[in-house]
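Okay, structure first, notes after.
The values are calculated or read from the model by the stated rules, or taken from the named source; none is laboratory data. Being a predicted model, the structure only gives us computed values, none of them experimental. Here the Cβ is made from the backbone with ideal geometry for all residues, glycine too, and neighbour counts use every protein chain on show.
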Amino acid sequence: METSPLNRVEQEVPVGWDWSARPVYFENGTNETADKVKMLTTKTIIENNATKSEIQSNDYYDPGQLFKKTVWDEDGSAAIEFTNGKGQTVLSRKAHASFSPNLDTYYIYNEYGHLAWVIPPQLALNQTWTDSDLDLFAYEYRYDGRGRQVEKKLPGKGREYMVYDKHDRIILSQDSVLKKKKKWMFTKYDTFGRVVYTGTTDNDLSRNDLQISVDSNSGTTSEVRGGSFKTPDGTYNVKYSNAAFPTKFAEILTVNYYDTYYGTKDYRDFQRSILEQEVLAATLQDKANGLLMCTLVKNLDSNEWTETFFAYDTRGREISTYSVNYLKGYTRTEKQLNFAGLPNKVITYHQRDKDFPETVITENFEYDQQNRLTKHWHQVNSEPFELLTDLNYNEISQISNKQVGNNLQSIDYTYNIKGWNTQINDPDNLNGKLFGYTIRYQNPVTNAFLARYNGNISEVDWKTAVDGKLRRYSYEYDHINRLSKGIYSEPYATVPANNAYNEQVYYDLNGNITGLRRNAFDPSVGVQEIDYLTYNYAGNRLLSVNENSSIYGGYPEVSGNTIAYDDNGNMTSQIDKGILNINYNYLNVPKEITFDPSYILHTSTNGMYNILTNYTYSADGRKLEKRHDYGFVGGSKQFRTKINYFDGFQYTNDVLSFVPTSEGYYDFVQKKYIYNYTDHLGNVRLSYFRNNTGIEILEENNYYPFGMKHEGYNTFGGNPNYNYKYNGKELQETGMYDYGARFYMPDIGRWGVVDPLAEKMTRYSPYNYAFNNPLRFIDPDGRQNEDIIKVNSQGYVQEIIPQEGAHVVQDMNGNQLNLNDSVFDQEQLGDIVSYAGRMTDYELQDAEVRLFTPYSAQNMADKFNALGIGDIKSDVEYRKSIMATGSLTYFTYGVDLGHGKFDFAGSMGTLVNTDNGNNYPPLQGGGATPPDGTGGFVKFEGNNTLYNVYDAGNFMTGKAFQMVGYSLETIKAGANVNSILTGNGKDTASDQRAITAGYNYNSVGWKK
């Protein structure tokens, strides 16, 4: 720590002997002349009721005008942040003593304190910027008189517009493609601010004119249940009013129903009990306030819908979903939850449509005393149960061994002292195992490569039982942790094919790849360079790729054709690969791809060519169907492959192909469980199954660092219906991988579409993949990662680990912390991850991002004593003696207490305030997440659940009433009355759950 009253960290030495001489250094000071920080201000005018800021350059800041905070990681890379006296970051710099130039990202604020421009590194290198430069590279924001962002311009995209209602909620949005079509996306809300339905509306008015119209409208801004109108396609009755602007629609795309189901005609009845659990709202008359009960989602480009119903137990936990697909088939899932909310049993019933038989999947789960999964059983229809996994853990709850497929394979996992995975089996000693994989960080075996201490991987070894050959990749990085080289070798081979699968990459300052060189191995020729690519850009948009190698093994040898884009920055053609046109839907994912039939795929051995691919998506972004047309040289007949995607069940040409499992998939055609070995990134490396004599390998996949598959060795037929490989994503006929929100091109290492969350990572090109470090990061859905958020005992975030699915909070031992309000709390975790998810571990720890504040039993006792809990108890006992406990007077007294001394929401909000004392008001039902990402939740001593501040207040209220002698039933009834009287309807399930948990909390007792 520094020797000052501020007590700030100067040096942090990580655990482990190897890291003892590799501390993380922190330095706080002010800017110096040598820092050369540009002083950038704006001259702002008001145009169409929005700010328009022109950048003014005023030389450089004088020394001492800015605060300067520097963090050096274990490998000497520096992250430097300069802030002004208002606390606004004006420059974020990445630097290293051995490299230049620095990577500078400037943040420019207008005269009103709003962020007006972001200048990324490639543009910041220039001393002056033209309008064209700003259009290609910069982020621009404009605001109305209420400080609301009403226009923005992102690099590579056209301008976007937003219109707000009187509650500052976005009700209309438009991008440049929609603007050409004179369309707007609209969103409607109920009185609680929940989204009730969305769609498109036709309107050629400008943003300003629409905002004026909305502001002058004296009508309601919210919709209520009880109304009824038909969707424009005439297929559904929407059970809401249509009073808020806009009232005329082109399409309704989604509808959400809360609290109760939406109508007798379309209601799907749930049983009173599901897997021996009472259902919270099983009929149309029952209510489950605050919970999502049903969704309707339209297919894009057709008048077909998917409706999904949800059922909950009495604790408000989802125990069943019933999804009716657009073919009128269904998928129904029922879950039996244990006390901790983990599933003991899950049964899934699926039918594609009425002409198909029902398929039933039954899964059973077993846990140890720490709620760690130990066994996972799986059954298809009436087939015998298959033990998918049998798990063992080490002393700190990391998986140490996994028996897969009724002990078909035993997989060992090892870790270093920092908890990083170092081995999946031992490739030097497979001993009957099919795959082994070693990851090295600070300990590479190849001397020519540097040890990495900051989490970057320096080397990987792997071996499969197919040929028993040990293979290795050794890695180099630049000064900001971007992968620059992956060098392939075969350490113990008699005739090693060293360098056979090298990949070398070059970048500009924004992280756009400017050059790529790639080798491959041909048994008849040896090692050869199949790609020597140069990339040409306009801003971040890739205009063309030139191939300087004549060997067609990666990128096509016929190259240099211009790549086209639409106004949203979506790539619309790639002639080099025979892609003539890509047509996108409003989600910016392809709906139709047209090919040049004369283009023959280099991987084809039979002259196959592509013709057309059509995709069907639902309005919430789920891929529902793909139809691919193709042909063969010399033949006149065309062929079509159709794939349907229904809640994990995948059909090929109307035949049920497979359903995924936790360890691979079940093949319905072969009636076999297929198991996948995956590496630390989720890449499918080797697939296998049980045959009549033991075990059989189905497929082996190995990849270049940026994801293109190795060719030329260990080739198997595989399963043509299963194309999930790199990162576990589905390979498309274009050679791209479908990540959900975007398609990734592994041959050139970038996306073809602007990142939907580009503004959260402004120093990177919106087209770059995984921060150009594909050995350490993945991008689960092409947008932002859902994550495992690891926190220490004081609630500070120590690490954020990318994963798919909902956010998960774990302590440093890997134990999961529960959420009291699964819906709203996930949103709050999303806010924290949005702020902190791109920080390195040392940046996280230095920023002191706090997810929860601990609250001890002594804190609680002190709080109650300060209230005079003893006197209140005596008063309650006196009132009991003179009036019936069920009387209105006694009940009213309790309600008054709940409004007064026993209203703890304010004190819980104060508890999670930021350190500088600024009060960031909590959101009702949603918890508090201050702008800097700190605070948000409360964790009570001895309790494994996180509570947002309002639920923490309810927890305290429940305990306080228990201590003075009120019954739990009276308290819950009083909370309902209080909520109704304040206009919020009945108390939500999460509120009641928190009150109950507090009432039963045993760590604090009353002392007379």
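The set of residues in region 649-671 being surrounded by fewer than 17 Cβ atoms within 10 Å (Cβ to Cβ) and charged (D, E, K, R) consists of ASP654, LYS671.
Of the strands (runs of 3 or more DSSP E) that lie entirely inside region 151-243, those containing 3 or more residues that are among the aromatic types (Phe, Trp, Tyr) span 183-189. Applying the criterion of being part of a loop (DSSP other than H, G, I, E, B) and among the hydrophobic types (A, V, I, L, M, F, W, C) to the residues of region 590-625, the residue that is surrounded by the fewest Cβ atoms within 10 Å (Cβ to Cβ) is ILE600.
Step by step: first the residues of region 737-782, then only those that are under 16 Å from the mean Cα position of the chain (by Cα) and small (Gly, Ala, Ser), then the one that is modelled with the lowest pLDDT. Which residue is that? Within region 737-782, the match that is modelled with the lowest pLDDT is GLY782.
In the set PHE961, PHE904, only one residue is aromatic (Phe, Trp, Tyr) and either at pLDDT 85 or above or touching a strand residue (DSSP E or B) at 6+ places or on another chain (Cβ under 6 Å) (or both); that residue is PHE961.
Looking across region 485-514, the residues that are without any contact (Cβ under 8 Å) to a residue 60 or more places away in the chain, under 22 Å from ASN772 (Cα atoms) and either surrounded by fewer than 17 Cβ atoms within 10 Å (Cβ to Cβ) or not assigned by TED's automatic domain parsing to the domain that holds TYR703 (or both) come down to ASN499, TYR506, THR514. With respect to being touching a Lys or Arg at 6+ places or on another chain (Cβ under 9 Å) and polar (S, T, N, Q), ASN701 fits the description.
Evaluated against (1) part of a strand (DSSP E or B); (2) in contact with a Gly (Cβ under 8 Å, 6 or more places away or on another chain), ASN568 falls short on exactly one condition, (1).
Every condition in (1) within 29 Å of GLU547 (Cα to Cα); (2) part of a strand (DSSP E or B); (3) of a type outside the set (D, E, K, R) holds for TRP462 except the one numbered (1). Looking only at residues of region 344-366 that are among the charged types (D, E, K, R) and in contact (Cβ under 8 Å) with a residue 60 or more places away in the chain, we find that the one that is surrounded by the most Cβ atoms within 10 Å (Cβ to Cβ) is ARG352. The set of residues from region 353-379 being within 24 Å of GLN398 (Cβ to Cβ) and either of a type in the set (Ser, Thr, Tyr) or outside any strand (DSSP E or B) (or both) comprises TYR367, ASP368, GLN369, GLN370, ASN371, ARG372, THR374. Exactly one residue out of VAL150, VAL90, VAL118 is farther than 20 Å from LYS38 by Cα, crowded, with 21+ Cβ neighbours inside 10 Å and touching a residue at least 24 places away in the same chain (Cβ under 8 Å): that is VAL150. Residue-level check: of (1) surrounded by fewer than 17 Cβ atoms within 10 Å (Cβ to Cβ); (2) over 14 Å from GLU730 (Cβ atoms), PHE646 misses just (1).
Can you pull out every residue in region 153-166 that is out of contact with any Ser or Thr (no Cβ under 6 Å at 6 or more places or on another chain) and touching a residue at least 24 places away in the same chain (Cβ under 8 Å)? LEU154, PRO155, GLY156, LYS157, TYR161, VAL163, TYR164, listed by residue number. Could you list, in sequence order, all residues of region 834-880 that are closer than 17 Å to ILE788 by Cα and modelled with pLDDT of 75 or more? Once the filter is applied, which keeps residues that are closer than 17 Å to ILE788 by Cα and modelled with pLDDT of 75 or more, region 834-880 yields VAL849, ARG850, LEU851, PHE852.
Pairing each residue of region 181-192 that is assigned by TED's automatic domain parsing to the domain that holds THR221 with any residue that is basic (Lys, Arg) and in a loop (DSSP other than H, G, I, E, B), provided the two are 6+ apart or on different chains, yields C-beta distances under 9 Å for THR187/ARG169; TYR189/ARG169.
For (1) at pLDDT 95 or above; (2) touching a Gly at 6+ places or on another chain (Cβ under 8 Å); (3) within 19 Å of TYR349 (Cβ to Cβ); (4) assigned to a strand (DSSP E or B), each residue gets a yes or a no:
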site: ASN289; (1), (2), (3), (4): no, yes, no, yes
site: MET293; (1), (2), (3), (4): no, no, no, yes
site: LEU296; (1), (2), (3), (4): yes, no, no, yes
site: ASP301; (1), (2), (3), (4): no, no, no, no
site: ALA311; (1), (2), (3), (4): no, no, yes, yes
site: SER320; (1), (2), (3), (4): no, no, yes, yes
site: ARG332; (1), (2), (3), (4): yes, no, yes, yes
site: LYS335; (1), (2), (3), (4): yes, no, yes, yes
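Name the residue, out of THR988, THR945, THR934, that is under 23 Å from LEU851 (Cβ atoms), of a type in the set (S, T, N, Q) and at pLDDT 80 or above. Matching residue, one of THR988, THR945, THR934: THR945.
Being in a strand (DSSP E or B), of a type outside the set (Asp, Glu), more than 30 Å from THR348 (Cβ to Cβ) and under 31 Å from the mean Cα position of the chain (by Cα) is a property that ILE582 has. Can you find a residue in region 810-832 that is in contact with a strand residue (DSSP E or B) (Cβ under 6 Å, 6 or more places away or on another chain), assigned to a helix (DSSP H, G or I) and modelled with pLDDT of 60 or more? Yes: region 810-832 contains one or more residues that are in contact with a strand residue (DSSP E or B) (Cβ under 6 Å, 6 or more places away or on another chain), assigned to a helix (DSSP H, G or I) and modelled with pLDDT of 60 or more. Every condition in (1) over 18 Å from TYR261 (Cα atoms); (2) crowded, with 18+ Cβ neighbours inside 10 Å holds for CYS294 except the one numbered (1).
Residue-level check: of (1) touching a Ser or Thr at 6+ places or on another chain (Cβ under 6 Å); (2) more than 30 Å from THR613 (Cα to Cα), TYR535 misses just (2).
Exactly one residue out of ASN429, ASN454, ASN443 is part of a loop (DSSP other than H, G, I, E, B) and buried (at least 21 other Cβ atoms within 10 Å of the Cβ): that is ASN454.
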